[in-house]
Amino acid sequence: MKKINVALVGLAFGGYFSEIYKNHPNVGRLVLFDVDKDREKHLADRLGITESYDSLEDIYKDPDIDAIHFVTPLTMHEEQCVAALEAGKHVACTVPMGISVDGIKAIIEAKRKSGKNYMMMETTLYTYPFFYAKQMKEKGEFGRIQFLRGCHYQDMLNWPDYWIGLPPMYYGTHAIAPITVLSGSRIKRVRGLGSGTMNPDYYSHYGNKYPVETALLEYENGLVAEVTRSLFETAREYKEGFSVYGSDKSFEWGFADNDPPIVTTAIAPKPGNRGGTCSEETIDLPLYADNLPESIQQYAIRGGDFDPLNPQKSWDARLGVGHHGSHPHLCDEFIRSIIEERKPEVDEMLGANITLAGVLAHESAMNGGIPIDVPEF
């Protein structure tokens with residue numbers, strides 16, 4: 001059985017993936033790296049890992065390391081991914097792919113030159129709700145998809161400094177990704193609007209004045225979607241969600257993060273009556289663990305004590321569970337894509353389209369909502 005040697009870089013949230021990689025049947029060596037060496041040692045001791053590196057450059061230079069998974073601050077993704085690809089490593093990286101058009105283009109160019117894989121580790125594309133909606137589409141249950149909507153509400157106050165004042169759509173991938181894949185098309189144009197007023201002290205990093213941003217996404221197949229993202233000073237329970245509205249059925253993923261989705265079915269009007277009616281069904285979602293290697297299926301089980309503000313709190317519990325069961329699917333897809341010598345599902349082109357839509361939606365919002373075409377490199 002072929003084995004891939006993996007370096008996991010960034011262990012605050014990244015610690016959730018460590019035990020999954022450790023137990024994956026196609027992972028050989030797992031090495032850990034974090035600038036917080038106490039955090040690194042805590043997790044390494046837990047997993048029985050004795051080797052360590054002094055710097056990222058040492059990992060890049062190690063010919064025995066096949067792949068690097070970055071779970072690092074979003075301001076570092078562009079530089080780190082390019083450096084790793086240029087060093088001949090397969091790369092997985094947490095979202096977003098980058099925060100600038102030039103930086104995202106540089107990743108794509110480095111990936112093409114290296115011939116290695118790049119995967120954007122978008123959690124929403126491997127959650128229980130997404131798997132269910134994807135199956136509905138594959139079965140033709142939606143009929144003709146007419147409209148889509150995505151949302152992500154979160155308060156980032158007191159998060160690390162690089163988050164403060166971040167344009168909401170820079171981190172819009174959780175709202176954009178599921179509806180884009182379900183649309184079956186590429187985002188060709190965006191229009192963004194900012195809303196509300198934000199503490200002026202938050203302006204310094206990014207020059208952004210909006211706590212909330214909304215965007216319209218235009219797809220090449222004619223569909224339109226709306227996404228809304230909040231980051232600061234907006235009283236709303238944490239929520240990542242998406243909805244798909246079809247001619248026959250619609251799928252809406254709840255009002256709060258732990259609410260089950262609702263499927264609405266259109267009922268044709270009786271002869272002589274005006275307008276149709278609908279029936280609604282609350283869905284009890286399957287766990288979707290059967291297609292994973294047996295040794296990591298446990299990490300897709302619903303439950304756990306995932307806390308995005310304090311991920312280290314789960315280090316004494318079972319690592320992996322979080323983001324609605326997505327973590328083991330992400331790791332497995334990355335590893336299998338390397339072994340099978342194919343692109344991962346969320347490759348550099350899909351990752352760029354999803355991320356650029358958010359970056360350019362913010363640019364549009366800062367310029368009065370002008371439409372901006374999304375480039376395809």
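The numbers here are math on the coordinates, done by the rules we state, and not lab data. Computed from a predicted model, the values in this text were never measured in an experiment. Here the Cβ is made from the backbone with ideal geometry for all residues, glycine too, and neighbour counts use every protein chain on show.
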Taking 45 Å as R0, compute the FRET efficiency from the Cβ-Cβ separation of Arg342 and Ala268 and round it to 0.05. 0.55
Would you please give the FRET efficiency between Phe13 and Arg144, computed as 1/(1 + (r/R0)^6) with r the Cβ-Cβ distance and R0 = 45 Å, to the nearest 0.05? 0.70
Just to confirm the filter: which GluC sites (Glu not before Pro) across region 19-94 are DSSP coil and have at most 16 other Cβ within 10 angstrom of their Cβ? Glu51
Based on the alpha-carbon set only, what is the convex hull volume of the chain divided per residue, in Å³? 147
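Distances over 16 Å make up what percent of all Cα-Cα pairs in region 173-242?
On the way: 1316 of 2415 pairs.
Percentage above 16 Å: 54.
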Check the straight Cα-Cα distances from Lys22 and name the lysines below 24 Å, setting aside those fewer than 8 residues away within the same chain. Lys2, Lys3, Lys37, Lys41, Lys61, Lys89, Lys116, Lys313, Lys343
Difference of contour (0.36 nm per residue) and Cα-Cα distance, Cys278 to Ile301: 5.0 nm
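Nearest 500 deg cm²/dmol is fine: what mean residue ellipticity at 222 nm does the chain get from its DSSP H runs of n ≥ 4 alone, each adding -39,500 (n - 2.57), divided by its residue count? Write out the running numbers ahead of the final one.
Numbers: 9 runs with 103 residues, N = 377.
For the chain, the value works out to -8500 deg cm²/dmol.
At 0.36 nm per residue, and after removing the present C-alpha to C-alpha distance, how many nm does the segment from Leu47 to Arg186 gain when stretched out fully?
Values: separation 139, 0.36 × 139 = 50.04 nm, distance 4.11 nm.
That pair, Leu47 and Arg186, stretches by 45.9 nm at full extension.
Sort 22-34, 235-247 by packing, meaning the average of other beta carbons within 10 Å per residue, with the highest value first.
Values: 22-34: 19.7, 235-247: 17.7.
In decreasing order of mean packing, 22-34, 235-247 become 22-34, 235-247.
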So if I average 1/r over every pair of distinct C-alpha atoms in region 67-201 and take the inverse, what Kirkwood radius in Å does that give? 17.0
Would you mind computing, in nm to one decimal, how far apart the modelled labels at Asp290 and Ser204 are, each placed 7 Å from Cα along Cα→Cβ? 5.5
So what does the Cα-only Debye profile of region 190-294 read at q = 0.17 Å⁻¹, as log10 I(q)/I(0), no solvent term? -1.03
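Kindly rank 263-276, 180-193, 200-213 from highest to lowest mean number of other beta carbons found within 10 Å of each residue.
Numbers: 263-276: 10.1, 180-193: 20.9, 200-213: 16.5.
Packing proxy ranking, top to bottom: 180-193, 200-213, 263-276.
Could you sort the peptides 323-333, 354-364, 98-108 by per-residue average Cβ neighbour count (10 Å cutoff), highest mean leading?
On the way: 323-333: 24.1, 354-364: 26.7, 98-108: 19.4.
Averaged packing, sorted descending, gives the order 354-364, 323-333, 98-108.
How high is the relative contact order of the chain, in percent, with contacts defined as C-alpha pairs under 8 Å that are six or more residues apart?
Values: 809 pairs, mean separation 79.3, N = 377.
The normalised contact order for the chain reaches 21 percent.
Report relative contact order for region 14-61 in percent, whole number only (criteria: Cα-Cα under 8 Å, sequence separation at least 6). Please list the in-between numbers first.
Working: 21 pairs, mean separation 15.8, N = 48.
Result for region 14-61 is 33 percent.
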For region 1-136, using Cα atoms only, the Rg and Dmax in Å read 15.2, 48
At 0.36 nm per residue, and after removing the present C-alpha to C-alpha distance, how many nm does the segment from Asp36 to Val224 gain when stretched out fully? 63.3 nm
